[in-house]
1. Among 330, 360, 398, which is the only one that is open to solvent by 40 Å² or more (accessible area, probe 1.4 Å) and at negative phi?
2. So for the stretch 125-145 (the condition being outside any helix (DSSP H, G or I), among the acidic types (Asp, Glu) and either under 16 Å from residue 225 (Cα atoms) or open to solvent by 50 Å² or more (accessible area, probe 1.4 Å) (or both)), does at least one residue qualify?
3. Residues 54, 99, 128, 132: which one is at pLDDT below 85 and within 24 Å of residue 370 (Cα to Cα)?
4. Do we have residue 391 as crowded, with 23+ Cβ neighbours inside 10 Å, at pLDDT below 95 and within 30 Å of residue 212 (Cβ to Cβ) here?
5. Right, residue 325: without any contact (Cβ under 8 Å) to a residue 40 or more places away in the chain, within 20 Å of residue 67 (Cα to Cα) and hydroxyl-bearing (Ser, Thr, Tyr) or not?
6. Go through (1) more than 30 Å from residue 224 (Cβ to Cβ); (2) open to solvent by less than 20 Å² (accessible area, probe 1.4 Å); (3) of a type in the set (S, T, N, Q) and name the single condition residue 386 misses.
7. Please state which one of 167, 115, 198, 192 is open to solvent by 10 Å² or more (accessible area, probe 1.4 Å), outside any helix (DSSP H, G or I) and either free of Cβ contacts under 8 Å to residues at least 40 places away in the same chain or of a type outside the set (S, T, N, Q) (or both).
Amino acid sequence: MGVDLRQVVAGVLTLTMFVMLGNMIKRDHFDSVEGKFPGARDVEFDSEKVSEQGLVTFSKKSTNGPWVEGGLELKPCWKESNFDDVESKGFVTFSLTNGPEYHVSQIADAVVVARYIGATLVLPDIRGNKPGDERKFEEIYDVEKFVKSLVGVVKVVKGLPEDVSIRDFAVVKVPNRVSEDHIAEQIEPVFRTNSNIRLATFFPSVNMRKTTKTSASDSVACLAMFGTLELQPEVNEVVDSMIERLRTLSRKSDGRFIAVDLRVEILDKKGCHGSSATGTKSCFSAQEIAIFLRKIGFGKDTTIYLTQPRWDESLDVLKDIFPKTYTKESILPADKKAKFLESEDSEFEKVIDFYMCSQSDVFVPAISGLFYANVAGKRIASGKTQILVPADIPGTSSSVTNHFSPYISKKNHMAHSCFC
């Protein structure tokens, strides 16, 4: 039986048309999702335009997203030989409050003050936002590491002697990134009069930018901020297990994942639904983050970790576009949930989020502030420099290099003064 050549050609053309139609339907379906969230003009964090500066090396391992190879882990610029022993003449006490992004700054200020006035530093406790929510330092951080790292800088004790009462301490307010002039004028006179002081750090502004002004205490501040705090073994093990779980879920992107600092309660308080008069935004919603990541080239198989404590229906749009989106409740080891997910305001949860964002392959701060700034500092120190600042992209796509954090592109974070 012969074959009609015209019938063969007609069959091939028909099949080709069906394939093209299928591709058009799939593309139109995704474009219709994006079309629900029209873009606006580019915006920025901290009123600084993020620009492309210098060359970046893109990963050769995967084409599933604009992954950038991590930089080299930097070495500390400070030297221990710069520190001479100082005789202790009294005590300085303080508490760590408001979460790990504040802890690193509070530690730095307390060590700088104690060093300058020649006082013994008492190991701080950790206090949550609710009355009575107190923890010992060793429940979260490694005490031995902390004490050992400050040998020759300040003397550290775990508690006050029995003959010294905390009720006799003078309370002194300390601005974040306290200067030597402020210590000499406002703190040292009180210490000389009372012999013992209790510090209460306040944050007049969120400013972690590098300054041109230098002082003798810079090395002390760098050591205290970047060289003293490590998680105690159990907490560190939990973070490591969660990271390993995410890497296992990210096989199609060679084990890489994105951490997004996105907390619904804070977004609601900040009112992130419009730009300010200056054209800047301080936070982005889940739908804005989803479209931002898609437009800069991350594929649907990208794995995303959110700092949101529990799943919220407002996050569904993000999961629709990136199905592999998780909060800690879905990846935390089952035998650890009772302890580490005990409440929505758990100090453990805040610490987990801070270190997950510090160690992810990419960090995206949906919220500006101290969390973003101090996570950036830890990432700079470890060479994990892919920090992407969100924007409302008006077109269909944008280069990832247009959205590098100015802490990276301009090297204006104070961490760049501490590491070489």
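The values are calculated or read from the model by the stated rules, or taken from the named source; none is laboratory data. This structure is a prediction, so every number in the text was calculated from the model and none was measured. As a convention, Cβ positions derive from the backbone with ideal geometry for all residues, glycine included, and neighbour counts pool all protein chains shown. Accessible surface areas use protein heavy atoms only, side chains included; no ligands, DNA or RNA. Shrake-Rupley method; radii C 1.70, N 1.55, O 1.52, S 1.80 Å.
1. 330
2. Yes - at least one qualifying residue is present in the stretch 125-145.
3. Going through 54, 99, 128, 132 in turn, just one is at pLDDT below 85 and within 24 Å of residue 370 (Cα to Cα): 128.
4. Yes; evaluated as a whole, the condition is true for this residue.
5. Yes, satisfied.
6. So the condition that residue 386 fails would be (1).
7. Answer to the selection: 198.
Residue-wise test of (1) closer than 16 Å to residue 89 by Cα; (2) among the hydroxyl-bearing types (Ser, Thr, Tyr).
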| site | (1), (2) |
| --- | --- |
| 161 | yes, no |
| 168 | yes, no |
| 178 | no, no |
| 182 | no, no |
| 185 | no, no |
| 196 | yes, no |
| 202 | no, no |
| 212 | no, yes |
| 217 | no, yes |
